[in-house]
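Below is one structure, written out as structure tokens; the observations come after it.
Each reported figure results from applying straightforward, stated rules to the coordinates on display, with no laboratory input. These numbers come from a predicted model, not from an experiment. Because the Cβ atoms are built from the backbone with ideal geometry, glycine has one as well, and the counts that use them run over all protein chains shown.
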Amino acid sequence: TRNHPGNAVVIFMHDRPRRYLRERFRRDPDVPRPCILPRMFTERELMAAFRQEQHQAFRKEAGRLDQVALLSRCVRELAEPGTDLCAQLSRTDDAGFFPWGVRLADLLEECFTQGLAPEDLMYAEGDVAPFGAALLGSLGRIFQRYREMLIESDLTTPGFDAFMVAEALEQARRNGQAELPGFLAGKAILLAGFGMLTGTENTLFRTLWEQGAQVFLHVDPALAEHGKGHWACTEQATWIAGWGAKTVLA
């Protein structure tokens, strides 16, 4: 940044590196003073900032009870008379649904995080409990209705933010309209400390990289020199190959 660190944006996997970098700026005698620190995001904060840029309406983060309540409504809407799902629901109440709702919320949050829209999974009888089999048989429809309800209720989750951001970026890339939001425009963007990407992280970070972001990996140097290295670097090697990226030692 030519001694203007405020022109940089650094994205970390979690908050601890941000604290170390701030301390480094505070103690390093070579840092010009006064100076503006780089803007630093965790991956989760960056997803939320992108989502806010795309959708200006205020959204409250849905807690676990909110998620289960929405899923209970989804399942009851989709449980048509005569179906196995309806039969299973008739044997329980809200308290009985709760443990299934928690499992379902976790499963759908993972789908959101990976950028995947599941389909109905049929014929799970015998592999899971009857209520679980009924839920899996309607999983794709539950996912779609749950997504609609989150939007209608102005609620969100970290995974849902990531899913919506990745979906919008993919659409923009297909239309040749991918561009950085205002808070990143003209900034030197650095991605540091990541080793294994979720589906939505891959979409977001690849878009940033294509717009000029630099990615810093702390791995076996052989990965940069020969394209492969220690077995612990397998995920990074797959990442580099998938992007068709060029690696250099730093």
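Structure data summary
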quantity: Net charge contributed by nearby residues that have their C-beta within less than 14 Å of Gly195 (K/R +1, D/E -1); calculated: -4
quantity: Expected 222 nm ellipticity per residue - DSSP helices of 4 or more, -39500 (n - 2.57), all of the chain, to 500; calculated: -16500 deg cm²/dmol
quantity: Radius 14 Å from Cβ of Arg91, net charge of other residues (Lys, Arg +1; Asp, Glu -1); calculated: -2
quantity: Percent RCO, i.e. relative contact order, over the stretch 1-125, from Cα pairs under 8 Å lying at least 6 residues apart; calculated: 20
quantity: For Val215, residues with placed amide H under 5 Å, excluding near neighbours; calculated: Leu191
quantity: Kirkwood-type radius of the stretch 54-202, with distances r between different C-alpha atoms, in Å; calculated: 17.1
quantity: Cut-off 11 Å between beta-carbons: net charge of the residues surrounding Ala48, Lys and Arg +1, Asp and Glu -1; calculated: -2
quantity: Given the chain, longest segment not containing exposed loop chymotrypsin sites (Phe, Trp or Tyr not before Pro) (DSSP; at most 12 other Cβ within 10 Å); calculated: 124-250
quantity: Alpha-carbon radius of gyration plus Dmax, which is the widest Cα pair, for the stretch 109-182 in Å; calculated: 15.5, 52
quantity: Cα convex hull of the chain - mean projected area over all directions, nm²; calculated: 17.5
quantity: The chain, relative contact order in percent, only Cα pairs under 8 angstrom and at least six apart counted; calculated: 22
quantity: 0 to 90° range, to nearest 10: angle between helix 43-54 axis and the chain longest Cα axis; calculated: 80
quantity: Cα gyration tensor shape of the stretch 159-218, rounded if a/c is under 1.5, else prolate or oblate by comparing a/b with b/c; calculated: oblate
quantity: Reciprocal of mean inverse Cα separation for the stretch 1-137 (Kirkwood radius, Å); calculated: 19.1
quantity: In degrees, nearest ten, helix 64-78 long axis to first principal axis of the chain (Cα); calculated: 50
quantity: Principal-axis tilt of helix 158-174 within the chain, Cα atoms, nearest 10 degrees; calculated: 70
quantity: Stretch in the chain that is longest and holds no GluC sites (Glu not before Pro) that DSSP places in a loop and that have at most 11 other beta carbons within 10 Å; calculated: 1-118
